[in-house]
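Report on one structure; see the data block that follows.
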Number of protein chains: 2
Amino acid sequence: MSDLSSAELQKQIEDLQRETKLLRAEREELIDDKRITDILLSKSDAIASETDLDKLLTLINDEARELLEADRCTVFVLDDEKGELWSRVATGIGRSEIRIPKDMGIAGHVATTGESINIPDAYDDPRFNRDVDKATGYRTRALLCMPMRNRQQDTIGVVQVLNKKEWGGRFDDKDEKLLEILSTMAANQLEIAQLVDELQKMFDSVVETLAATIDARDPITAGHSKRVTLYCLQVAEQLNFDQKQKDLLRYSALLHDYGKIGVREAVLTKDGRLEDDEYKHIQTHVVLSKEILRKMYFRKDLRAIPEIAGAHHEKVDGSGYPKQSAGDTIPLMGRIMGIADVFDALTYKRHYRDPMPIERVLKILESEQNKHFDPLVVRSFFSVPVSNIASIIVHDAVGRLPKEDEETFTRYALGDFYSAVTRGKDQQSEGERRLVERFIDLYNSRS
Amino acid sequence: MSDLSSAELQKQIEDLQRETKLLRAEREELIDDKRITDILLSKSDAIASETDLDKLLTLINDEARELLEADRCTVFVLDDEKGELWSRVATGIGRSEIRIPKDMGIAGHVATTGESINIPDAYDDPRFNRDVDKATGYRTRALLCMPMRNRQQDTIGVVQVLNKKEWGGRFDDKDEKLLEILSTMAANQLEIAQLVDELQKMFDSVVETLAATIDARDPITAGHSKRVTLYCLQVAEQLNFDQKQKDLLRYSALLHDYGKIGVREAVLTKDGRLEDDEYKHIQTHVVLSKEILRKMYFRKDLRAIPEIAGAHHEKVDGSGYPKQSAGDTIPLMGRIMGIADVFDALTYKRHYRDPMPIERVLKILESEQNKHFDPLVVRSFFSVPVSNIASIIVHDAVGRLPKEDEETFTRYALGDFYSAVTRGKDQQSEGERRLVERFIDLYNSRS
């Protein structure tokens, strides 16, 4: 009896041991599953809240590399209209964009067929293009490339990871599973970021067009709002403004002359000096700008646009218009616009005069400190690199100068030019002489 | 020995039984956990791709009710600038908005303190406001109200669910856990939807301002682009356009006269008839509109704006300008804008004439079918409710007529008015007589 019982007990133990073993395995699997879900949920949180296209692409890149322990990652976005795949690479001095035909190479195959590709050595696949490796000295081995599909199951891009760091160097089923879930999240958010990006571009485009057309009512002021905006942003750079501040200043500057829509053409384009009442009529444009802008909808961080735009003719000594505000009661951005506006007016032709010589313009800026201008803003303006100022004057844009000019201007700020030109040729170094000569050449070269 | 062994075995069995019991419980919990995560991941996908603010709020509402088996749900969004909580309720005829001070009632408490509230019977809580129940006859019992926090942990809104359908009628810990995760997802996406909403509002605002200011260069055309847009949208309604088509038509109509920025003021505002060369100069505005719009950035589904805006002076018989396109080669939306543009021009004062009597305007639309206008579009225009046309003529907006006028116009389309007025008083029903009299009264009442 006792023997039998012992055998029974033995069997019972074995059954129980089998069950616990199964349960333990099941638990392992569940915990493993949960670990992956938890990782993905935590990634999802970060990815799902990023609406900036460039930052999102960088984030997907980083998350994919970390999650799959891969050495490199490229996110390609499908541009269906152009039939291309593009990818942006952040570099030290900005970003560069790669564009390839949408059916070229491994990424192209994945984008057009929607099929994934997982190979231990890319060099065994004839679709792989070795040129990039040749140029960079990199050796691609394991490669996993998957489509990014939106909710409608359209392929909108491709994620490609290279060279697994561990586990024998190839991507396994779990990697595929992980990248698939990540790709879905990425695709979803990519569409949102593109939507935001397009709305932003459309808004910028209509604001820029509006600024350009207002200026173009008088051919002689064409490009004025754009250049004023660019000068303002150069000062913003010197004052270490953050992106939100730069946006506020940019839109305020682009829209500062909007009120000119209400100024009579005959006055706006009059040849020669204005009569008193005509001058008063022109001055109304500031109040009108502010009134029109006030009726527009701007989100919270842009709500000061009317106030700032309406302050671009105030002077720190209180002798400006329309409010005769003085000193700090004029918004800083209004004070910045004040100097940018005057600088552009003096360096360009007007109906009643030619462009003023650059050294005279700078002398006015200097001497008007504490009268028209805030000394802090004048100082910041004088700290802007000469190359940027010259490029804006000549090309209505930054970074458009030939390489030789860039080299001549390197290390010189606008204040250095002013100091050199004031000292006169005999007191200038060789570099300064080249600087002065070339800047004045460029300045006078404008038709 | 055998006894001892049996006792040992017994103990071993007990240990194993304890372990399996623990493992089973653990498994249950893990499976339960996974079920919740799976549900949430599936919800997350739907929530994370919704960028339309109203649709998102409805979705959060539905998901919360389903997930927590609750009878009702309200999503409140914090408007920090106004110090209010708002909630939108979709109704049959549009949507209504509720706004309460941000610290009022249960929702206000949660919004200001960031603490959750979970109570079996709301009537036991003095902060609960019974007025809504009194008005609707509803009886609120169980109530769970939680803050929605963004990634920076700021409370940006509140989710409140009412009356659990099962489980003894109160919300438990698991409900709290579920709603917390859902609230986090919701908060995240809410910020995105608000960002998109604000960008969209800013874009609309700048486009509308631009249209209004272009019209305002000549006081006599003030409001023209807005009214043309509203007429176009009425026709779009008759033609069952979808939202994307309506947006394309709306922006094209708002921007159709943008090129007038390039027309000389003296010609634009000339009293009396125009000379031939002046008329030609005015005509250039169409080409200019198209050229300026072409340089702007529009996303894919709006890319036809320049083409459509540039076609608003074409005629179906090929005698229009600038391309002398005929029939279907003129974009449908261009043909719609053509009739809306003429209708507004004739029903409003011009420098060289007063508004034309409404019956003469409609006679022109009818007789110009297959000459200036597309008969399909004329038919659609004649199908628009009289009340909408009258409201646009008098108030530059739809739905602004007094209730009596709305009642008089009910069931009549513009074509009914035209037919009645053509038949003459003797051939009109009593309703038609009232219709004709009141419409003409309104039409002539404009200063």
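The values are calculated or read from the model by the stated rules, or taken from the named source; none is laboratory data. Model, not experiment: these values are computed from the prediction. Methodologically, a virtual Cβ is constructed for each residue, glycine included, from the backbone with ideal geometry; neighbour enumeration extends over all protein chains shown. Accessible surface areas use protein heavy atoms only, side chains included; no ligands, DNA or RNA. Shrake-Rupley method; radii C 1.70, N 1.55, O 1.52, S 1.80 Å.
Quick look at the values:
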quantity	calculated
Yes/no for B:ALA253 being at pLDDT 85 or above and in contact with a Cys (Cβ under 9 Å, 6 or more places away or on another chain)	yes
Close pairs from segment A:111-132: first modelled with pLDDT under 90, partner open to solvent by 60 Å² or more (accessible area, probe 1.4 Å), Cβ under 8 Å, at least 6 apart	A:ASN129/A:MET104
Residue within segment B:361-373 that is out of contact with any Asp or Glu (no Cβ under 7 Å at 6 or more places or on another chain), under 30 Å from B:GLY431 (Cβ atoms), in contact (Cβ under 8 Å) with a residue 60 or more places away in the chain and of a type in the set (S, T, N, Q) present	no
Verdict on B:ASP344 being in the same structural domain as B:VAL235 (by TED's automatic domain parsing), within 22 Å of B:ASP317 (Cβ to Cβ), under 30 Å from the mean Cα position of the chain (by Cα) and open to solvent by less than 60 Å² (accessible area, probe 1.4 Å)	yes
B:ALA187 vs. criteria of a type in the set (Gly, Ala, Ser), modelled with pLDDT under 95, within 25 Å of B:ASP341 (Cα to Cα) and crowded, with 21+ Cβ neighbours inside 10 Å	no
Test set (1) of a type in the set (Ser, Thr, Tyr); (2) more than 12 Å from every other protein chain (Cβ to nearest Cβ); (3) closer than 26 Å to B:SER49 by Cβ - A:SER96 fails condition number	(3)
Of all residues in segment A:43-62 being touching a strand residue (DSSP E or B) at 6+ places or on another chain (Cβ under 7 Å) and open to solvent by less than 40 Å² (accessible area, probe 1.4 Å), the one that is farthest from B:LEU199 (Cα to Cα)	A:ASN61
Flag if A:GLY424 is in contact with a Ser or Thr (Cβ under 9 Å, 6 or more places away or on another chain) and over 20 Å from A:TYR348 (Cβ atoms)	no
Given (1) within 14 Å of chain A (Cβ to nearest Cβ); (2) more than 22 Å from the chain's Cα centre (by Cα); (3) of a type in the set (S, T, N, Q), number of the condition B:SER325 does not satisfy	(1)
Test: residue in segment A:271-283 that is among the small types (Gly, Ala, Ser), farther than 20 Å from A:THR213 by Cα, in contact with a Lys or Arg (Cβ under 9 Å, 6 or more places away or on another chain) and away from every other protein chain (no Cβ under 14 Å)	no
Elements of type helices (runs of 4 or more DSSP H) contained in segment A:276-373, each with 2 or more residues being at pLDDT below 95 and over 18 Å from A:THR229 (Cβ atoms)	A:276-295
Among (1) free of Cβ contacts under 8 Å to residues at least 60 places away in the same chain; (2) farther than 23 Å from A:PHE381 by Cβ - the single one A:HIS351 does not satisfy	(1)
Positions within segment A:354-404 being within 26 Å of the chain's Cα centre (by Cα) and over 15 Å from A:LEU233 (Cα atoms), in sequence order	A:VAL394, A:HIS395, A:ARG400, A:LEU401, A:PRO402, A:LYS403
Any chance A:ILE220 is within 14 Å of another protein chain (Cβ to nearest Cβ), open to solvent by less than 50 Å² (accessible area, probe 1.4 Å) and modelled with pLDDT under 95	no
Residues within segment A:319-329 that are surrounded by 14 or more Cβ atoms within 10 Å (Cβ to Cβ) and either within 16 Å of A:SER252 (Cβ to Cβ) or without any contact (Cβ under 8 Å) to a residue 40 or more places away in the chain (or both), tallied	5
Criterion violated by B:ARG72 - all others in (1) open to solvent by less than 70 Å² (accessible area, probe 1.4 Å); (2) modelled with pLDDT of 90 or more; (3) of a type outside the set (A, V, I, L, M) satisfied	(1)
Close pairs (6 angstrom Cβ cut-off, 6 or more residues apart or separate chains): closer than 14 Å to B:ASN61 by Cα in segment B:175-187, part of a helix (DSSP H, G or I) and among the polar types (S, T, N, Q) anywhere	B:MET185/B:SER44
Condition check for B:ALA64: in contact with a Leu (Cβ under 8 Å, 6 or more places away or on another chain) and either in contact (Cβ under 8 Å) with a residue 60 or more places away in the chain or outside the structural domain of B:ALA186 (by TED's automatic domain parsing) (or both)	yes
From B:ASP71, B:ASP33, residue being of a type in the set (Asp, Glu), more than 7 Å from every other protein chain (Cβ to nearest Cβ), within 48 Å of the chain's Cα centre (by Cα) and within 30 Å of B:MET148 (Cβ to Cβ)	B:ASP71
Only one of B:TYR231, B:TYR279, B:TYR251 that is in the same structural domain as B:ALA311 (by TED's automatic domain parsing) and surrounded by fewer than 17 Cβ atoms within 10 Å (Cβ to Cβ)	B:TYR279
Single residue of segment A:284-308 satisfying the filter (open to solvent by 70 Å² or more (accessible area, probe 1.4 Å) and touching a residue at least 24 places away in the same chain (Cβ under 8 Å)) that is nearest to the other protein chains (Cβ to nearest Cβ)	A:GLU291
Criterion (closer than 17 Å to A:ALA340 by Cβ, without any contact (Cβ under 8 Å) to a residue 40 or more places away in the chain, within 14 Å of chain B (Cβ to nearest Cβ) and of a type in the set (Lys, Arg)) met by exactly one of A:ARG250, A:ARG264	A:ARG250
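For every residue, the table says whether it meets (1) outside the structural domain of B:SER183 (by TED's automatic domain parsing); (2) open to solvent by 60 Å² or more (accessible area, probe 1.4 Å); (3) more than 13 Å from B:VAL159 (Cα to Cα).
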residue	(1), (2), (3)
B:ALA107	no, no, no
B:GLY114	no, no, no
B:ILE119	no, no, yes
B:ASP125	no, no, yes
B:ALA135	no, yes, yes
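For every residue, the table says whether it meets (1) among the acidic types (Asp, Glu); (2) farther than 30 Å from B:LYS295 by Cβ.
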| position | (1), (2) |
| --- | --- |
| A:CYS145 | no, yes |
| A:GLN160 | no, yes |
| A:ASP173 | yes, yes |
| A:SER183 | no, yes |
| A:ASP204 | yes, no |
| A:VAL207 | no, no |
| A:LEU210 | no, no |
| A:ALA216 | no, no |
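Let's see how each residue does on (1) within 10 Å of chain B (Cβ to nearest Cβ); (2) among the basic types (Lys, Arg):
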site: A:ARG27; (1), (2): yes, yes
site: A:LYS55; (1), (2): no, yes
site: A:GLU63; (1), (2): no, no
site: A:ASP79; (1), (2): no, no
